[in-house]
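Scroll down for the structure; my scribbles are underneath it.
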Amino acid sequence: MQKSIVKVALDVPLNCLFDYLSDDSALAVGQRVLVPFGRRNQIGIVMGFSQSSDISVEKLKSVKQAFLNETPLDAEILKLIQFSAEYYQYPLGQAVMSALPARLRQVTPAVARKQFAYRLTDFGRSQTAAQIPKRRLVTQRVFLALLANHTLSEAELDLISSSARKAAKQLEADGWVCAKQVHFAQRVAEIPATTVPELNDEQQLAVAQVVKDLHHFKAWLLHGITGSGKTEVYIRLMQHVLKQAAAQVLVLVPEINLTPQLQARFRSRFSGIPLVSLHSHLSESERLHHWQLAQSGEAKIIIGTRLSIFTPLPHLKLIIIDEEHDGSYKQQDSMRYHARDVALVRAKWLNIPVVLGSATPSLESWHNATTLATGLKTTNKYHLLSLNQRAVSAAQLPIIDCIDTTKVNLQQGFTPQLIEALKLRISRGEQSLLFINRRGFSPVLLCSACHWIAPCTRCSSRLVVHLGQRKLRCHHCGYEQKIPNQCPSCGNADLHPTGHGTQRLEQTLAQLLPAARIARVDRDSISKKNALVEILDKVHRQEIDILVGTQMLAKGHDFPNLTLVGVIDADSALHSPDFRASERLFAQLMQVAGRAGRADKPGQVIIQTQFPEHVLFNALRRQDYSSYANAMLRERQQMQFPPYVFLALLRAEASDFNLVHKFLSYAFRVARELNTKAVVYDPIRPQMERLKGMERGYVLMQAGNRGVLQALLCKLMTQLRGHSISVKVRWAIDVDPLEF
Ligand code: ADP
Ligand code: ZN
Ligand code: ZN
């Protein structure tokens, strides 16, 4: 028989598929295979078949092994990955392979074993142990244990004897016992359902609108202030969708370990419905297991971070994207996809609704949804749903005060107003949160004599003082050294930690308010898996008065007794060269402010700033997202920034800047000569010129629509990949970049 040629995607940085021979007629597209590649074997995915190859058939190697007992990746997910690889200019094989859980990228076949539980049949129940021969002692014990217990899992059988499973299987063969595959939902501890609130009018309207249109593609932007009950809206929509016989819902969340409460809430409201999570904190085997449950359709609810957008979901009927503005939806290395944007494509192709929720939508989404602002070009691609009130009627919005730090005497970084407010909370037995976007003790170590500042030798950045460990540490590359005793530049022994970080605030507070119970939350203090959960539990148990932390704290935690939020030094973002910095700051501050006064106690927010009259703070004081968003959009429209134009960055780095320069100059020339309608800017260096010992630079490309940019990038990539200089630098294309 004529051997067919199989096109295989491999984890190889070349933008092509690889041809192999196979005469296995059972082999299907999407199947995992083992193939020889170079001197080793590699796992790949079958992408298609062909009768011919560019390589002569005699030279082609054969597929070594096909994992025919595994469900192949379905056409829908392969198409989505293919689209993403093209759009984000990433090698297809690597895109396909990185969508798989790590276990499936390994050579050993990895099918999660099915779990069984055993119980007696009616026939078995009518028997007695005496009927089992005495020499089959283990079988007798298993029988007796089954009589006493309703069912026994394999793990419970193992406790009886190492041969108990075999005995159970024998009893099954005799018809005494039946085995049932254990549904994983039964292994999830059932959490008692919480009380179900009645929807308010705004929520009802939002739910009703989406429910009316559940059977086709529609993109909804659910804009609701913090505490307005967006999650409750998601839950109701999911309930509607899950009423269908076969339906799955994908809920995307920014960072799962920061949202344990959200998960617990879903589990309690969907008790008995199979729910899995997918994120990078799972063990490899958990990840595989959850992924397979999603792929088989058994899991009905999938809560996951950005990576879960590429999970095969045969019955996907609804996608929800919580905190859709969050930057963590964009992958910052390998394939630089944006999970929200990929989700929209997926929903469109599947013809299902997608709901994007946020208190502070990204300007991209706002621009796609809003019709209100005059003089603004908008697209009306999304349908806007608004929740303008807090769900719990008694919960009021917090009062926001901006204190001018140039006009008062700071006490170790604190204004008198903030200290007074903290004292008041302690005397009332209420809780406070202090927010500063800088971990460590202080951001720089300064010599008072020559103004030397401890630099990182590998990055264009300063070393952060970590006093507790007596270390200087680079937050960009992780470099560490001991704090020097004297200035390496002039020998002066008077070195000052200057400026404030979380550790210093914590220490200062302990001095100013000795009675307060203080906890710190930043990446240093919660490096361990459950540390954050433990601290949050303590806050809930009222064992903490003041929580000091970075933006980690800004997300979806609900503390009823928290009535004060202090923001220290938010100004750096006001004057950043990154045009998205103010959008991010505004979103963060709205989120942080939303933490205050969620229950029946009114909250207060105190922001220490040198620019209290800045438009950003004015909008924040009024908690007026839309007016500030419209103002930012107007600015973007004038300046021709996204979402009014589309950008792509060609990033390059090498230890020798000459190489970077050569590469980028070549790319720049090629891009210009291609002569498309796109604008190609001169190569420049980023603010952080050196990172981890690598010299960096980029070329920015811009176009009025995606098509023009895509056409340019495709041609440019072909040229770059073919040129010898491209192997001397590390380079990548970042389409729709979020950070510069
Ligand atoms: P968001 O996701 O918009 O921040 P949540 O859905 O978390 O808001 O709701 C905030 C709080 O209000 C939660 O404690 C939730 O249980 C409660 N809640 C939501 N909807 C209602 C409602 N209709 N009536 C009473 N309480 C509600
Ligand atoms: Zn000095
Ligand atoms: Zn560094």
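The values are calculated or read from the model by the stated rules, or taken from the named source; none is laboratory data. All of these numbers come straight from a predicted model, not from anything done at the bench. Note that we place each Cβ from the backbone using ideal geometry, even for glycine, and neighbour counts take in every protein chain shown.
List the strands (runs of 3 or more DSSP E) that sit entirely inside segment 1-58 and contain at least 3 residues that are loosely packed, with under 15 Cβ neighbours inside 10 Å and over 32 Å from the mean Cα position of the chain (by Cα).
By residue number, 40-50.
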* State yes or no: is L147 in a helix (DSSP H, G or I), touching a residue at least 40 places away in the same chain (Cβ under 8 Å) and hydrophobic (A, V, I, L, M, F, W, C)? => no
* Asked: Residue check, D326 against (1) surrounded by fewer than 22 Cβ atoms within 10 Å (Cβ to Cβ); (2) over 27 Å from Q181 (Cβ atoms), all met but one. Which one?
  -> (1)
* **Residues satisfying the stated conditions in segment 427-447, i.e. more than 16 Å from ligand 3 (Cβ to nearest atom) and at pLDDT 90 or above** => S427, R428, G429, E430, Q431, S432, L433, L434, L446, C447
* To do: All but one of (1) touching a strand residue (DSSP E or B) at 6+ places or on another chain (Cβ under 9 Å); (2) closer than 17 Å to D11 by Cα; (3) not acidic (D, E) hold for A85, so report the exception by its number.
  => (1)
* Asked: Regarding A619, is this residue under 31 Å from the mean Cα position of the chain (by Cα), at pLDDT below 95 and surrounded by fewer than 20 Cβ atoms within 10 Å (Cβ to Cβ)?
  -> no
* Q295, sole failed condition from (1) at pLDDT below 95; (2) part of a helix (DSSP H, G or I) -> (1)
* To do: Report the residue count in segment 458-499 for those that are assigned to a loop (DSSP other than H, G, I, E, B) and either more than 10 Å from ligand 3 (Cβ to nearest atom) or under 19 Å from D522 (Cβ atoms) (or both).
  => 25
* Would you check if there is a residue in segment 19-34 being free of Cβ contacts under 8 Å to residues at least 12 places away in the same chain and more than 20 Å from V345 (Cβ to Cβ)? => yes
* **Residue within segment 407-422 that is under 23 Å from V615 (Cβ atoms), at pLDDT below 90 and either touching a Ser or Thr at 6+ places or on another chain (Cβ under 7 Å) or part of a loop (DSSP other than H, G, I, E, B) (or both) present** => no
* Check segment 541-564 and report whether any residue there is at pLDDT 85 or above and out of contact with any strand residue (DSSP E or B) (no Cβ under 8 Å at 6 or more places or on another chain). => yes
* Return only the number of the condition from (1) surrounded by fewer than 21 Cβ atoms within 10 Å (Cβ to Cβ); (2) closer than 29 Å to T360 by Cβ that A246 does not satisfy. => (2)
* What single numbered condition from (1) among the aliphatic types (A, V, I, L, M); (2) more than 28 Å from R636 (Cα to Cα); (3) out of contact with any strand residue (DSSP E or B) (no Cβ under 6 Å at 6 or more places or on another chain) fails to hold for M688? -> (2)
* Asked: Tell me, which residue of segment 428-457 that is of a type in the set (S, T, N, Q) and part of a strand (DSSP E or B) is farthest from ligand 2 (Cβ to nearest atom)?
  -> Q431
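The rows are residues; the columns are (1) surrounded by fewer than 21 Cβ atoms within 10 Å (Cβ to Cβ); (2) part of a loop (DSSP other than H, G, I, E, B); (3) within 16 Å of ligand 3 (Cβ to nearest atom); (4) polar (S, T, N, Q).
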position: Q507; (1), (2), (3), (4): yes, no, no, yes
position: V548; (1), (2), (3), (4): no, no, no, no
position: D558; (1), (2), (3), (4): yes, yes, no, no
position: L574; (1), (2), (3), (4): yes, no, no, no
position: L589; (1), (2), (3), (4): no, no, no, no
position: A596; (1), (2), (3), (4): no, yes, no, no
position: P602; (1), (2), (3), (4): yes, yes, no, no
* To do: Could you grab the pairs with beta carbons closer than 8 Å, sequence gap of 6+ or different chains, first residue in segment 47-60 and on the phi > 0 side of the Ramachandran plot and not assigned by TED's automatic domain parsing to the domain that holds P72, second one β-branched (V, I, T) and not in a strand (DSSP E or B)?
  => none
* Out of (1) loosely packed, with under 15 Cβ neighbours inside 10 Å; (2) among the small types (G, A, S); (3) modelled with pLDDT under 90, the odd one out for A208 is which? -> (3)
* To do: Could you grab the pairs with beta carbons closer than 6 Å, sequence gap of 6+ or different chains, first residue in segment 454-468 and outside the structural domain of M694 (by TED's automatic domain parsing), second one of a type in the set (D, E) and away from ligand 1 (no atom under 16 Å from the Cβ)?
  => S460/E689
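May I ask you to list the residues in segment 85-108 that are closer than 16 Å to G304 by Cβ and touching a helix residue (DSSP H, G or I) at 6+ places or on another chain (Cβ under 6 Å)?
Matches in segment 85-108: A99, P101, A102.
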